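Notes follow once the structure below has been shown.
Every read-out reported here was derived from the displayed coordinates using simple, explicitly stated rules and does not represent laboratory data. These numbers come from a predicted model, not from an experiment. Positions of Cβ are generated from backbone atoms using ideal geometry, with glycine treated the same way; all protein chains shown enter the neighbour counts.
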Amino acid sequence: MAGNELKDFGGGFFVLCLLGAIVFAYLTFASFVTIFLLAAFLTALSRPLYKRLLGLCRGREGLASFFNLLAVLLFVIIPLVLLLALLVQESVSAYNWANRQFQEGVLEEKILPVILGLQEKYAPNLNLDIKEAAKSAT
């Protein structure tokens, strides 16, 4: 009788270990999913170019792959990186502008009444002290 109880416990333990392994595998590989999807997208995007380059390179796969990689870098990756850098630069500029406006009191004079009016109109029961929150944010 004790042997049957251990067998039942062993099956449950196996399922628990299997679920734990699945969770840990997911946690390990979840950060790579975006990279794999991007790689699959770029592969599908550049496949027709690779086929054409393979014909131009007379079947030399290494040379066609090199030119394909060069084209993807020049026409996809580098423009995306430049766009991202521009986006970051504009975000920093917008933050600095908003911070300067807040420090000078422009936001408090012009924008805060608009926000309070919207709060009173759409959420009259919401008790938020926006002025106090704005002052504590600095």
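Here the spin labels are modelled as points 7 Å beyond Cα on the Cα-Cβ line, and at Cys57 and Ser93 they lie 4.0 nm apart. In a fully extended conformation the segment linking Leu118 and Val33 would gain 26.5 nm over its present Cα-Cα distance, using 0.36 nm per residue. Across segment 56-70, rounded Karplus estimates of 3J(HN,Hα) from the backbone phi angles (6.51 cos²θ - 1.76 cosθ + 1.60, θ = phi - 60°) give 5, 8, 6, x, 7, 5, x, 5, 5, 5, 4, 5, 5, 4, 4 Hz, Gly and Pro being marked x.
In the list (i) 0.91; (ii) 0.96; (iii) 1.30, the label attached to Rg/Rh (Cα atoms, Kirkwood Rh) as derived from the coordinates here is (iii).
Out of Ser65, Ser31, Ser91, any idea which swings most in a Gaussian network model of the chain, alpha carbons joined below 10 Å? Result for the chain, Cα springs under 10 Å: Ser31 fluctuates most.
Cut-off 10 angstrom, C-alpha nodes, Gaussian network model of the chain. Which of Ala85, Ala25, Ala64 fluctuates the most? Residue with maximal mean-square fluctuation among Ala85, Ala25, Ala64: Ala25. Ranking Pro79, Gly62, Thr43 by how far each Cα lies toward the positive end of the dipole of the chain (charges on Cβ) leaves Gly62 at the top.
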